[in-house]
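Engineer: The structure under discussion is supplied below as structure tokens; questions concerning it will follow.
Since every read-out is calculated from the coordinates, none of them should be taken as a lab result. Since this is a predicted model, take the numbers as computed values, not measurements.
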């Protein structure tokens, strides 16, 4: 099954953009709004298939989401089709720690309008809604969120950070070492099957909304709107199904939903 750019644009709800910085921003924001991060396959012991036909079938035809290798893999197909110049990076997830673990997050550096941009549609956390200027260490504000990309001398890596109430919170770090397809395939296996990978043991869904972001971690559902956040506990399989299907927009079968509910102790 081949990738058709019009199918992708229909899925994220925009018309064909120009290969400019504005077009790049439009793509990232629209995909983060329309296609949820979800790790249902790894959680259920299914290795995500990163080949183009599988991505098209799962995300564009079946209405599923995916995790970084799938969502940014779909983005790469789009960047190719639209004529953007880009390179993949493999990042170390930090999530507040002073250093990251193995390189197991995929994102991109994209050239547009004479500048390099960090572009990411597959981070299951509080990532930027829009591309971030790479060669710019000052704060970059997006609506109610503020980010910066800091160069870390001792590691030689750039660190993507988000401002929190108590200071800067490190999301992930990266360099511009060459990334080959075998690196991505190995990281895909690591994320999906390693017993120390949180994505092989915990349910995680994220999607941006017009007002902020929604997040489901196992049985805790959190909604972030502007400077506020509210959380609730998922108590039933029916509630879980409503959240997954109607809030995150993930088209999931009854059998997979039941398997997740069993994993979470809801059945």
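Engineer: Separation of segment 15-29 and segment 45-89 by C-alpha centroid, Å?
Structural biologist: Taking the Cα centre of each part, segment 15-29 and segment 45-89 sit 17 Å apart.
Engineer: Now for a separate question. Could you work out how much longer the chain between residue 258 and residue 228 gets when fully extended? Use 0.36 nm per residue separation minus the Cα distance between them, nm to one decimal.
Structural biologist: Length gained, residue 258 through residue 228: 7.6 nm.
Engineer: Once fully extended, how much extra length lies between residue 5 and residue 195, figured as 0.36 nm per residue of separation less the alpha-carbon to alpha-carbon distance?
Structural biologist: Length gained, residue 5 through residue 195: 64.8 nm.
Engineer: Something else about it: Classify segment 196-238 as rounded, prolate or oblate from the Cα gyration tensor: take a ≥ b ≥ c as the square roots of its eigenvalues, call it rounded if a/c is under 1.5, otherwise prolate when a/b beats b/c and oblate if not.
Structural biologist: Since a/c reaches 1.5 but b/c is at least a/b, the shape of segment 196-238 is classed as oblate.
Engineer: For a test of the definition: using alpha carbon positions, the gyration tensor, and the 1.5 limit on a/c, classify segment 14-140 as rounded, prolate or oblate.
Structural biologist: Working: a/c = 1.87, a/b = 1.14, b/c = 1.63.
Taking the square roots of the gyration eigenvalues as a ≥ b ≥ c, segment 14-140 is oblate.
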